Amino acid sequence: MDSSSPRLDILLPPLYDELRRLAARAMRTERPDHTLQPTALVHEAYLKLSQSAELEVGGRPQLYVLAARAMRQILVDHARARRTAKRGGLAVQVTLDGAQARAPANAFDLLALDQALGRLGEIDPRQEEVVELRFLAGLSVEEAARALGVSPTTVKRESAMARAWLFRELTRDGASSETSSTG
């Protein structure tokens with residue numbers, strides 16, 4: 001870690017309440033009977049971040065990006081474990097609209113979304129971060145812009161492009177998995 005980078009143990013305590021709100025937003029897209037609570041999600045994210053030897057936190061905005069990514073990984077790991085336990089049970093649904101409490105018609109499987117986000121990150125890492133912050137963590141355009149160090153206009157443009165790309169990928173993936181499961 002760069003000695004000029006703020007340490008996680010120094011940055012986290014004053015931001016704990018904000019990170020808990022971030023976790024609560026992320027949990028809004030999860031099923032109502034989810035076993036993780038926002039506090040547990042924040043604690044698991046902190047543990048995941050603190051165990052990373054190479055972690056460089058560039059300050060408060062970067063912490064939001066790192067925390068959103070850690071929370072995504074935790075939720076995906078939890079969904080994988082649940083799916084394994086249920087032998088392909090109910091898919092965990094999230095929306096590309098962010099803060100909706102119930103899974104509407106545009107909901108997608110969290111594992112499929114994670115895989116699509118990985119592919120998007122290979123093409124455009126910032127779009128992946130925008131999706132994590134806006135749709136998974138529920139940050140506003142302005143909050144995401146501050147976290148990424150870009151303008152709100154850039155966040156809006158990147159959100160629209162990423163959302164369209166993900167929708168295309170997820171509907172294509174969904175169509176191919178439906179075809180293979182019915183055939």
Looking only at residues that are within 14 Å of L22 (Cα to Cα) and charged (D, E, K, R) in the range 121-170, which one is nearest to the chain's Cα centre (by Cα)? E132
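To keep it simple, each residue is scored yes or no on (1) at pLDDT 80 or above; (2) of a type in the set (K, R); (3) part of a helix (DSSP H, G or I); (4) surrounded by fewer than 17 Cβ atoms within 10 Å (Cβ to Cβ).
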{"residue": "S3", "(1), (2), (3), (4)": "no, no, no, yes"}
{"residue": "D9", "(1), (2), (3), (4)": "no, no, yes, yes"}
{"residue": "P14", "(1), (2), (3), (4)": "no, no, yes, yes"}
{"residue": "E18", "(1), (2), (3), (4)": "no, no, yes, yes"}
{"residue": "P32", "(1), (2), (3), (4)": "no, no, no, yes"}
{"residue": "L49", "(1), (2), (3), (4)": "no, no, yes, no"}
{"residue": "G58", "(1), (2), (3), (4)": "no, no, no, yes"}
How many residues are closer than 18 Å to L120 by Cβ, modelled with pLDDT of 85 or more and not in a helix (DSSP H, G or I) when one looks only at the range 135-160? 1
Looking only at residues in the range 90-134 that are modelled with pLDDT under 80 and among the β-branched types (V, I, T), which one is farthest from Q62 (Cα to Cα)? V92
Scan the range 138-163 residue by residue and report those that are within 14 Å of Q62 (Cα to Cα) and either small (G, A, S) or free of Cβ contacts under 8 Å to residues at least 40 places away in the same chain (or both). A144, A145, A147, G149, V150
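The values are calculated or read from the model by the stated rules, or taken from the named source; none is laboratory data. As the structure is a computational prediction, the values presented were derived from the model and not from experiment. Neighbour counts are summed over all protein chains in view; Cβ atoms, including those assigned to glycine, are modelled from backbone coordinates with ideal geometry.
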